[in-house]
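Asker: If you scroll down you'll find the structure; I have some questions about it.
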Amino acid sequence: MDVNNLKESMGKTERITLKIALLNVLLLSVGHAYNIKPLIIVSCIFFSVLVIISSKRLFLPLMLFYLPWSPIMKIAPNSYTFYTIILPFYFILFLLGLINDKSIRISYKTVFITVTIAIWTLCSKLIQSHSVQPNYFTFIGLIAYIPIYIDNYKREISFETCIIFLTAGIITACIASEKLMTIPHMSEYIVSLYLNYGKVTRASSFYKDPNYYATQILVGIGGQLILTLYNRLKKQKWSLLAGLILIYFGMLSISKMFIITLVLCLLVWFISLLSIRGKIRKKVSIIFSLIILATVILSSSIFLEQLYSYLYRFGIGDDISTLTTGRSDIIKSYLKYFSENQAEFIFGQGYTDILPNFGKATHNTILEIIYQFGLLGTPLLFVWFFHLNRALDNEKGNLNITYILVVTVLVIVCFLPWLSLHMLFYDGFFYFTALYYIGKDYVKKKETKKAVLKVSDT
């Protein structure tokens, strides 16, 4: 296996594209700040053009960068976001491009899985008398495109580039949202959420739910932590700094899901740091940097208000319902609903935003998949996941303990939050899944490369 046949870092094209994207969101922020509609429209159209004309390998990094900005990439608060509007056009242009580009492979398995999921969901809609909504076509389009994208561009997609783009998008969106939140006409875009005491604001950036905001940050933190394990010392320090900044913004969400996932992520990452092959100097440098950062945080009041808020939120949990913020009750309601509506339990809803008669969303992706696809249709989506894995994991690598630990970090940050969020209707469902497989492949090649070098030295 050619362990060097993987693009690992940002090149000139990636750096220029990132600078253009940063300038674009700056213009978007100015447009919203001063309510200049033409500037907002130009910024959204510019995003669309950037995604279309950029190299295909940059599709995932660009979508990750703009993901934190997606809620305000629209002309009016109740209109569709350009982040989603662009996708059907992108898919159509991609299909037209296949006529001239014979090098792009489309697996018959991808076609079969996509068609099967489409037929199943359409039949479910027919059984339940649900209409076909615009977001359904985007869903089916991504079901088809993500496997094609990974299969054809897996050697060109850089995990490091993806994480840098995502981190840049998160940090700039967090800074911009803090400024725009104070502007009266932006109140329709940005919702301030308070705890039940002391009017402590829960940060959510441009999202209405702090947990979706925290989910993005967790993926960024996990990615930066992984980069510290494999980057050289100079880049390693920048990754640690970026990780700390992300932790700061994540703490502002005062999300129980965030703090639990973060602690678990850091624990597994630290164990992987101790197990990884490499120079002792590198490990000592990382540990020493962490000690300094921890000392600075604990000796300052930077997180004091947030820590009190977390203690309050965990302290009021005197039963499982309160501790899970009512999510355990929602699960019970859905289980009761399934038992009383067996046809819907078997066939599902067919991917629709219609809620059951008790009017509550699942707040759990696994439960949401069962609700939407039914007992018989749920395996189809897991077949799709397995197909994505096969698109990258078709070569043997060095699957040692470090590989398992580092990939576990990815699993924790990418998928553990799904247990408290219904991610199926959220763009991150596809992009974080794709990033997970790209990251998994990145770790495998890094560990295999180290094993090859060790053998050659002996």
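The values are calculated or read from the model by the stated rules, or taken from the named source; none is laboratory data. Note that the structure is predicted; figures quoted are calculated from it, not measured. Virtual Cβ from ideal backbone geometry, glycine too; neighbours counted across all protein chains shown. Note: accessible area is taken over every heavy atom of the protein model, side chains too, but ligands, DNA and RNA are not part of it. Shrake-Rupley method; radii C 1.70, N 1.55, O 1.52, S 1.80 Å.
Asker: Would you mind checking the radius of gyration and Dmax of region 145-257 based on alpha-carbon positions, in Å?
Answerer: Values for region 145-257 (Cα only, Rg and Dmax): 16.5, 53 Å.
Asker: How fast does region 313-450 diffuse by Stokes-Einstein, in µm²/s, taking the Kirkwood radius from C-alpha pairs at 37 °C and 0.692 mPa s? Spell out each step's value before the answer.
Answerer: Numbers: Rh = 17.1 Å.
The diffusion coefficient I find is 192 µm²/s.
Asker: Taking the mean number of other Cβ atoms within 10 Å as a proxy for protection, how do you rank 58-64, 432-438, 334-340 from highest to lowest? Provide the component values of the computation, followed by the final result.
Answerer: Details: 58-64: 25.0, 432-438: 23.1, 334-340: 14.3.
By packing density, highest mean first, the sequence is 58-64, 432-438, 334-340.
Asker: With helices defined as uninterrupted DSSP H runs, which ones in the chain have an alpha carbon span along their own long axis of at least 18 Å and mean Kyte-Doolittle hydropathy of at least 1.0? Can you show the working numbers first?
Answerer: On the way: long enough: 12-33 (32 Å, 0.85); 37-53 (24 Å, 2.57); 82-97 (22 Å, 2.16); 108-128 (30 Å, 1.14); 134-153 (28 Å, 0.68); 159-180 (31 Å, 1.45); 210-230 (31 Å, 0.77); 233-251 (27 Å, 0.82); 256-275 (29 Å, 2.38); 280-299 (28 Å, 1.80); 327-340 (20 Å, -0.62); 365-392 (29 Å, 1.18); 401-415 (20 Å, 2.98); 428-457 (42 Å, -0.31).
Going by DSSP H runs, the hits are 37-53, 82-97, 108-128, 159-180, 256-275, 280-299, 365-392, 401-415.
Asker: Work out the FRET efficiency for residue 129 and residue 274 from their Cβ-Cβ distance, taking R0 = 60 Å, and round it to the nearest 0.05. Intermediate results must be reported in sequence, preceding the final value.
Answerer: Numbers: r = 57 Å, r/R0 = 0.95.
Computed FRET efficiency for residue 129 and residue 274: 0.55.
Asker: Further question: What's the percent breakdown of Cα-Cα distances in region 1-151 across 5 Å bins, shortest bin first?
Answerer: For region 1-151, the pair-distance distribution reads 2, 8, 14, 17, 16, 16, 12, 8, 5, 2, 0.
Asker: Check residue 202: other-chain or 5+ apart residues with amide H under 5 Å from its amide H, H built from backbone geometry?
Answerer: 193, 194, 195
Asker: P(r) for region 301-379: what percent of alpha-carbon pairs falls in each 10 Å bin, starting at zero?
Answerer: Each 10 Å bin holds this share of Cα pairs: 17, 38, 21, 16, 7, 1.
Asker: Right, here's the next one. From the mean inverse distance of alpha carbon pairs (Kirkwood) and the Cα radius of gyration, derive Rg over Rh for region 131-170. Write down the numbers at each step before the final one.
Answerer: On the way: Rg = 14.0 Å, Rh = 12.2 Å.
Rg/Rh for region 131-170 comes to 1.15.
Asker: Let me ask something else about it. Just flag the trypsin sites (Lys or Arg not before Pro) in region 66-174 sitting in loop per DSSP whose Cβ has no more than 15 other Cβ atoms within 10 Å.
Answerer: Details: sites: 74, 102, 105, 109, 125, 154, 155; in loops: 74, 102, 105, 154, 155.
Answer in residue order: 102, 105, 155.
Asker: Computed FRET efficiency, Cβ-Cβ of residue 111 and residue 320, R0 60 Å: what is it to the nearest 0.05?
Answerer: Once rounded, the FRET efficiency stands at 0.85.
Asker: On to the next question. Is there a pair in 208/336; 282/446; 235/444; 256/445; 109/336 whose C-alpha atoms are over 26 Å apart, and which pairs would that be?
Answerer: Details: 208/336 29 Å; 282/446 16 Å; 235/444 20 Å; 256/445 34 Å; 109/336 36 Å.
Listed pairs above 26 Å: 208/336; 256/445; 109/336.
Asker: Determine the share of the chain's accessible area contributed by carbon and sulfur atoms, expressed in whole percent, with a 1.4 angstrom probe. Walk me through the numbers on the way to the answer.
Answerer: Details: 14140 of 20870 Å².
The computed percentage sits at 68.
Asker: Under Stokes-Einstein, with the Kirkwood radius over Cα pairs standing in for Rh, what whole-number D in µm²/s applies to the chain at 37 °C and 0.692 mPa s?
Answerer: Approximately 140 µm²/s, per Stokes-Einstein.
Asker: Further question: For a protection proxy built on the mean count of beta-carbon atoms within 10 angstrom, sort 15-27, 178-190, 217-229 highest first, please.
Answerer: Ranked by mean Cβ neighbours within 10 Å, highest first: 217-229, 15-27, 178-190.
Asker: Could you check the spin-label model distance between residue 248 and residue 292? Points 7 Å from the Cα along Cα→Cβ, value in nm.
Answerer: 1.6 nm
Asker: When you take every Cα atom in region 110-158, what is the radius of gyration, and what is Dmax, the widest Cα pair distance, in Å?
Answerer: In order Rg, Dmax, the Cα atoms of region 110-158 give 13.6, 44 Å.
Asker: Residue 16 to residue 354: extension gain in nm, 0.36 nm per residue of separation minus the Cα-Cα distance?
Answerer: Working: separation 338, 0.36 × 338 = 121.68 nm, distance 4.24 nm.
Working it through step by step, the gained length comes to 117.4 nm.
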